[in-house]
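Undergrad: Following this message is one structure expressed as structure tokens.
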Number of protein chains: 2
Amino acid sequence: MATTQLEPVQEPKYWHLKTVLQEALDSEFSVGEILPNERDLAARFGVARATLRQALEQLELEGRLQRRRGVGTTVAPPRMGIAVGTTGASEGAWPGSGSESWRTVGCAEAVPPAAVAAVLGTGTDELVHTVRRVRMMQGQSVATELIFVPSGSVPALPALLTPAAHAPAVLRELHAMALESEDRAVELGSARAEDAKQLDRLPGAPVLVVTTRYRTGQGVAAVSVATYRADTCRLTFGETGTVQISHHEQEERREAS
Amino acid sequence: MATTQLEPVQEPKYWHLKTVLQEALDSEFSVGEILPNERDLAARFGVARATLRQALEQLELEGRLQRRRGVGTTVAPPRMGIAVGTTGASEGAWPGSGSESWRTVGCAEAVPPAAVAAVLGTGTDELVHTVRRVRMMQGQSVATELIFVPSGSVPALPALLTPAAHAPAVLRELHAMALESEDRAVELGSARAEDAKQLDRLPGAPVLVVTTRYRTGQGVAAVSVATYRADTCRLTFGETGTVQISHHEQEERREAS
């Protein structure tokens with residue numbers, strides 16, 4: 001590797017370094033390849049290690065690099081396009097009702113977060129059925145989900161259920177109702193400890209949090225909070241379910257004014 | 001402020017500190033309030049400044065804190081719910097066709113990023129019309145957008161256009177066509193220099209990148225790449241346009257298993 005000197009520029013140093021690194025990734029490295037260690041990279045580009053780390057963080061945010069414990073920093077494959085929500089344009093679908101990539105991993109009665117309770121209209125300390133699921137894509141867990149279902153939404157649920165029968169029974173009761181609409185919100189978050197473990201990330205790793213409200217004629221019957229790995233996932237919405245644009249090459253070669 | 005000692009725990013130090021800080025924010029600070037400086041905070045919680053900084057970054061990712069140049073770190077207001085896409089379930093809408101919060105700020109002919117060119121089916125060095133817009137909410141610019149329109153999509157566009165007439169003419173030509181469908185992808189990115197400037201952020205700030213493909217009977221007629229501030233925006237999808245859940249209180253009080 002030749003030594004590349006950075007010219008002084010107005011933009012933050014790490015930003016310029018990021019651009020230079022990006023070019024190096026495009027031209028010299030292939031997917032899965034392990035980057036040289038931080039000391040060597042900092043020396044090559046003539047920057048402080050703190051600057052280098054900032055630039056590496058940028059590239060991780062953009063999905064270009066993956067940092068894995070015990071492995072080091074590798075060049076990331078393109079993000080997976082992951083369909084969120086329904087394929088039909090107007091009809092929604094209950095969670096667990098179709099041929100989905102989700103796997104139910106547990107169910108408990110728990111007090112939901114205050115914000116979820118407010119949407120569900122449940123009391124401050126009211127227990128709701130909480131189904132935990134994991135979404136698998138290409139052999140990796142890409143998302144974890146908690147579906148919150150108040151007892152009032154599933155009045156016909158049998159009182160005595162074995163742990164194994166709990167989640168299927170809750171979902172079956174939901175599926176028996178007419179789903180009127182669903183709406184979603186997507187926002188940036190950081191992985192909570194338990195989610196991080198299931199996603200094979202450190203707590204605090206950037207995630208995309210998708211909150212879905214499921215409505216019947218009676219109001220909000222259930223709320224789902226799904227946590228997607230932000231490093232490897234691109235969430236897709238709409239009929240075809242996939243948008244093939246990878247932002248890996250998103251730098252404009254000529255800037256539009 | 002009392003001194004709060006952290007107990008040794010298995011999770012990363014910054015993560016535990018984050019949880020403690022979060023509780024302090026909830027109980028002692030109000031929206032807009034400026035946090036004590038890093039030195040004081042690190043001393044209060046008995047942690048190294050590097051650990052403190054990691055925890056502050058987490059809280060910034062989660063939209064709890066805002067760091068602003070010249071101001072310091074303040075407690076963030078709840079994120080704004082921002083409707084993305086169409087309100088009607090099945091019909092799409094061309095950009096600029098409704099009563100929107102977008103403002104057109106310029107138009108140029110430029111070579112799009114390689115990934116966009118691939119979706120549009122334009123040649124490697126082919127110029128396309130590039131409309132730049134900014135989205136305003138509550139007096140702040142929350143998003144910037146580039147709409148890429150190949151000449152082939154707007155064949156009736158007048159050849160000679162003043163700069164001021166360019167964007168309206170391109171959008172008018174789009175609106176004259178029947179939009180068959182639109183689909184979207186949302187992913188995490190980092191703000192490019194020019195976007196960052198318009199969003200009043202530093203280059204590299206985390207952003208949510210929304211890519212939309214607009215299809216007519218002839219194929220993909222236009223592609224839009226919109227960059228939303230991830231710190232202040234929660235993107236909403238679906239009929240009602242808003243999901244009122246704020247993840248500010250998303251920590252579960254009892255964890256569902």
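Undergrad: Which of (1) in contact (Cβ under 8 Å) with a residue 12 or more places away in the chain; (2) open to solvent by 20 Å² or more (accessible area, probe 1.4 Å); (3) in a loop (DSSP other than H, G, I, E, B) is the odd one out, the single condition A:PRO95 does not satisfy?
TA: (2)
Undergrad: Does A:PRO113 qualify as being open to solvent by less than 10 Å² (accessible area, probe 1.4 Å) and within 14 Å of chain B (Cβ to nearest Cβ)?
TA: Values: open to solvent by less than 10 Å² (accessible area, probe 1.4 Å): yes; within 14 Å of chain B (Cβ to nearest Cβ): yes.
Answer is yes for this residue.
Undergrad: Looking at region A:162-190, which of its residues are open to solvent by 60 Å² or more (accessible area, probe 1.4 Å) and not small (Gly, Ala, Ser)?
TA: Listed by number, the residues that qualify are A:THR162, A:PRO163, A:PRO168, A:ARG172, A:HIS175, A:GLU180.
Undergrad: Can A:ASP231 be described as within 23 Å of the chain's Cα centre (by Cα) and more than 10 Å from chain B (Cβ to nearest Cβ)? Before you say what the answer is, go through the steps one by one.
TA: On the way: within 23 Å of the chain's Cα centre (by Cα): yes; more than 10 Å from chain B (Cβ to nearest Cβ): no.
No; evaluated as a whole, the condition is false for this residue.
Undergrad: Any idea which residue in region A:204-222 is farthest from A:THR130 (Cα to Cα), counting only those that are more than 7 Å from every other protein chain (Cβ to nearest Cβ) and among the hydrophobic types (A, V, I, L, M, F, W, C)?
TA: A:ALA205
Undergrad: When region B:191-205 is examined, which residues are found to be touching a residue at least 40 places away in the same chain (Cβ under 8 Å), among the hydrophobic types (A, V, I, L, M, F, W, C) and open to solvent by 30 Å² or more (accessible area, probe 1.4 Å)?
TA: If the condition is that a residue be touching a residue at least 40 places away in the same chain (Cβ under 8 Å), among the hydrophobic types (A, V, I, L, M, F, W, C) and open to solvent by 30 Å² or more (accessible area, probe 1.4 Å), then B:LEU202 is the only one that fits.
The values are calculated or read from the model by the stated rules, or taken from the named source; none is laboratory data. Just so it is clear, the structure is predicted and the values come from calculations on it, not from any experiment. Glycine gets a Cβ as well: all are built from the backbone with ideal geometry, and neighbour counts include every protein chain shown. With ligands, DNA and RNA removed, areas are computed over all heavy atoms of the protein, side chains included. Shrake-Rupley method; radii C 1.70, N 1.55, O 1.52, S 1.80 Å.
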